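Report on one structure; see the data block that follows.
The values are calculated or read from the model by the stated rules, or taken from the named source; none is laboratory data. Quantities reported herein were computed from a predicted structural model and do not represent experimental measurements. A quick note on method: Cβ atoms are made from the backbone with ideal geometry, for glycine too, and the neighbour counts reach across all protein chains shown. Each accessible area value is taken on the protein alone, full model and side chains, heavy atoms only, with ligands, DNA and RNA left out. Shrake-Rupley method; radii C 1.70, N 1.55, O 1.52, S 1.80 Å.
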Amino acid sequence: MSTTTMPPSRTETDRLTALRVLGVEVAEGLRTILREPTALFFSVGFPVMFFALFASIFGSGAGTTGTLLAGYGTFGVVSVMLLNPAITVADERTRGWLRVKKVSGAPVATTIAAKVLAALPYALAVVSALSVVAVVEVGGVPGGVGAWLRLVAVLLVGGLPFALLGLAVGFVASSNATAAILNAVLFPMVIVSGLWFPVQILPGAVQAVAPFLPTYHLARLARAQMSGGPWMGDVLALVTMTAIAAALAVLSYRRLRV
């Protein structure tokens, strides 16, 4: 008695093709990052140096160090997720590689997802380096291993909307312009959101702006993992920002001229 093997359906074939394309795109994204070791060093090293300085000054205990780790972890992850995928796609656009993708009919969702996924190991490297400094500072994991794992998860997932926002810019601007635009957006957000120092020491008008910034809500959510506190409003703000950033990224990709 023989059995007949049914060929995969069109839906299954399309799904497997999409997964293969996604794997190729992610691998290429990782190789692009590794080809720029200087950028990798400064993206990781800059937040770590700032954190080490302020932790040595203000980190008098595990609680304070944990709060600082959440703030500087937010800064490090946001800077990596906002800049790296965006500059990569802007460079691909300049070199004509995006033209090849569009002509080949590569799904826009696959292209965008691959760029975001390729930046996640980079962001994890930043958080890991900051965590090593925190452990050295207090002689243990601030808040405990469970709190640290929650912090890492929150930062990595919370970095996704920033990657999408960066891609929306990178799809329509040159690599130099993309870096300039996003840095002009990043550093005011970092300062106003209180990632380097408390919001409470800023002028009242600046404090009033902070709750409207996604970095503010990600930092609050990260700190809640270390010391508790309300967080549902911050999740809703980040989900809203993710939806808006995703729509902008898709629109920019479909309308880009290569």
Determine which member of the set Thr110, Thr74 is within 23 Å of the chain's Cα centre (by Cα), modelled with pLDDT under 80 and buried (at least 17 other Cβ atoms within 10 Å of the Cβ). Thr110
Among the candidates Ala179, Ala219, Ala173, Ala205, residue that is small (Gly, Ala, Ser) and at pLDDT 90 or above: Ala219
Limited to segment 172-215, what total is found for residues that are in contact with a helix residue (DSSP H, G or I) (Cβ under 6 Å, 6 or more places away or on another chain), open to solvent by less than 50 Å² (accessible area, probe 1.4 Å) and more than 30 Å from Arg99 (Cβ to Cβ)? 11
Among the numbered conditions (1) open to solvent by less than 30 Å² (accessible area, probe 1.4 Å); (2) under 24 Å from Ala52 (Cβ atoms); (3) not in a loop (DSSP other than H, G, I, E, B), tell me where Met226 comes up short. (1)
For the subset of segment 89-100 comprising residues that are under 11 Å from Thr111 (Cβ atoms) and touching a residue at least 12 places away in the same chain (Cβ under 8 Å), which member is nearest to the chain's Cα centre (by Cα)? Val89
